[in-house]
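Chemist: Provided herewith is a single structure, encoded as structure tokens, for subsequent inquiry.
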Amino acid sequence: MKFKSVCSLVAVGMLTFTVTCSVGAESFQNQDLINPSMTKSDNAILSKIINSLDPEDRENVTYIDETGKVLVNKESLRKEVIPLEPVSQVTYKDSKSSLLTVSQVTYKNSKSSPLSVTQNTYKDSTGQLYTFPVLQPKPDCMVGNHPTSTPMDFSTNSASFPVCRDLRNGAYRGVYANRGFSWATSRVHLPEKKYIYENPSKYTGSTGFVYMGGWGNTNNAVDAGLQHSPKYNDWAPFLLIEGNGGPLTFTPRFEGDQDIQMKFYVPSDGIVALVIYGYDISGTKVEKTYTGAAPGWTASGNGNIIKRMTSIAQIQNHEDYNDGSYIKNVDWYGSFIGPNSVDSVPWRSTETYGFCSSPRNKIFINFVHAGSELIDIILE
């Protein structure tokens, strides 16, 4: 898209954006606007982001800034954004009971202990509850200018970090790249219905996830990918960016039992992009690009750590690694990583810092190489 005026994007603090145009620049005309339903300033912001994306990712673009404001290059995309509200506290009579309320009341069971505030439970406008992974801190050994180098274990249940954190919110398998990359993509098979089961007990909130993300140069965490719906047996795109409030989920949802292409990268400093290519629940092939403000992430790759994750998320501090849930046949393959799409290379051991399987005895892996593995998580 070509514009007659030349504008530059200026960040004001960390929360607002303004657009400054050169003196004498011609005004935007309606035919020049990416989306005539938005202001000229918003069009300029979104134009800069779109121009930084890989050319094939520019058709359906949604951007969420740090305040939660949504910019779209097609107005029809706006209704696909589903905002979520945090559930401050949940209460249960015992481990078998269902969710009673989201207000603060006493947690009563045999232990007679108060219930801590949850950090990963959300609801939409209809009251439907969502359980997300808790954003992990950057691995201790990767913080600072001189990350600790530890031998990598490429065995079936490999874990090379000194400690694979149990954040008490579910089981996960993670593959973590070396620092310095800003672009990655992978194919991933979404399991069919018989290979995924989430215990319907609302005590744990077990929910399957496949996603990418990682940490930026200032340690800001991002999770971005697909969340399984136990109710509908489909997969919804989501973005969870540290410092930007809670997660956002999107429609259309993607059907299971298919191989989708997932891409995660930093098109420009302070911006991350999740791109998903696949078939939605109507059988239509779709390509969606979700972008968000993510301070500290660098387009050069400086300080970034990119990851690939498979997990069964649970309500924090209500984890039950024997609740019968499972997700099987999650097949990651065809993984590439690099500073950009042109200079990417196959994701192999030389590009990988390490792996985490937590808890180890619940993760089962058919390991081919760092960019290809078949994963089962079985909580039995």
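Chemist: Among the candidates Ser76, Ser27, Ser37, which residue alone is of a type outside the set (Val, Ile, Thr), in contact with a helix residue (DSSP H, G or I) (Cβ under 8 Å, 6 or more places away or on another chain), surrounded by fewer than 16 Cβ atoms within 10 Å (Cβ to Cβ) and modelled with pLDDT of 90 or more?
Modeler: It is Ser37.
Chemist: With respect to Gly243, is the statement that it is in contact with a Ser or Thr (Cβ under 7 Å, 6 or more places away or on another chain), of a type outside the set (S, T, N, Q) and part of a loop (DSSP other than H, G, I, E, B) true? Break it down stepwise before answering.
Modeler: Working: in contact with a Ser or Thr (Cβ under 7 Å, 6 or more places away or on another chain): no; of a type outside the set (S, T, N, Q): yes; part of a loop (DSSP other than H, G, I, E, B): yes.
Here the answer is no, as Gly243 does not meet what is asked.
Chemist: Of the residues in region 293-323, how many are in contact with a Phe, Trp or Tyr (Cβ under 7 Å, 6 or more places away or on another chain) and either modelled with pLDDT under 95 or more than 20 Å from Val175 (Cβ to Cβ) (or both)?
Modeler: Here the count works out to 1.
Chemist: Separate question: From the list Thr218, Thr204, exactly one residue is assigned to a loop (DSSP other than H, G, I, E, B), of a type in the set (Ser, Thr, Tyr) and open to solvent by less than 10 Å² (accessible area, probe 1.4 Å). Which is it?
Modeler: Only one candidate passes the filter, namely Thr204.
Chemist: Could you grab me the full set of residues in region 308-359 that are part of a strand (DSSP E or B) and either free of Cβ contacts under 8 Å to residues at least 40 places away in the same chain or open to solvent by 30 Å² or more (accessible area, probe 1.4 Å) (or both)?
Modeler: First, the residues of region 308-359 that are part of a strand (DSSP E or B): 308-313, 326-338, 345-346, 352-358.
Correct list: Tyr326, Lys328, Asn329, Asp331, Tyr333, Gly334, Phe336, Val345, Pro346.
Chemist: Residues of region 213-263 being touching a helix residue (DSSP H, G or I) at 6+ places or on another chain (Cβ under 7 Å), within 20 Å of Tyr197 (Cα to Cα) and of a type in the set (Ser, Thr, Tyr), which ones?
Modeler: Those that are touching a helix residue (DSSP H, G or I) at 6+ places or on another chain (Cβ under 7 Å), within 20 Å of Tyr197 (Cα to Cα) and of a type in the set (Ser, Thr, Tyr): none in region 213-263.
Chemist: Still on this structure, I have one more. Out of everything in region 109-136 that is open to solvent by less than 60 Å² (accessible area, probe 1.4 Å) and modelled with pLDDT under 85, what residue ends up being nearest to Thr310 (Cα to Cα)?
Modeler: Thr118
Chemist: From the residues in region 350-380 that are hydroxyl-bearing (Ser, Thr, Tyr) and under 23 Å from the mean Cα position of the chain (by Cα), which one is nearest to Gly174 (Cα to Cα)?
Modeler: Of region 350-380, the ones hydroxyl-bearing (Ser, Thr, Tyr) are 350, 352-353, 357-358, 372.
Next, from what is left, pick out any that are under 23 Å from the mean Cα position of the chain (by Cα): 352-353, 357-358, 372.
Details: Thr352: 11, Tyr353: 11, Ser357: 7, Ser358: 9, Ser372: 12 Å.
Checked region 350-380; the qualifying residue nearest to Gly174 (Cα to Cα) is Ser357.
Chemist: Hey, another quick one. Would region 271-286 turn up any residue that is under 20 Å from Asp54 (Cα atoms), open to solvent by 40 Å² or more (accessible area, probe 1.4 Å) and in contact with a helix residue (DSSP H, G or I) (Cβ under 8 Å, 6 or more places away or on another chain)?
Modeler: no
The values are calculated or read from the model by the stated rules, or taken from the named source; none is laboratory data. In this text the structure is predicted, and so the values were computed from the model without any measurement. Glycine also receives a Cβ, built like all others from the backbone with ideal geometry; neighbour counts cover every protein chain displayed. The area values use the complete protein model at the heavy-atom level, side chains included, leaving out ligands, DNA and RNA. Shrake-Rupley method; radii C 1.70, N 1.55, O 1.52, S 1.80 Å.
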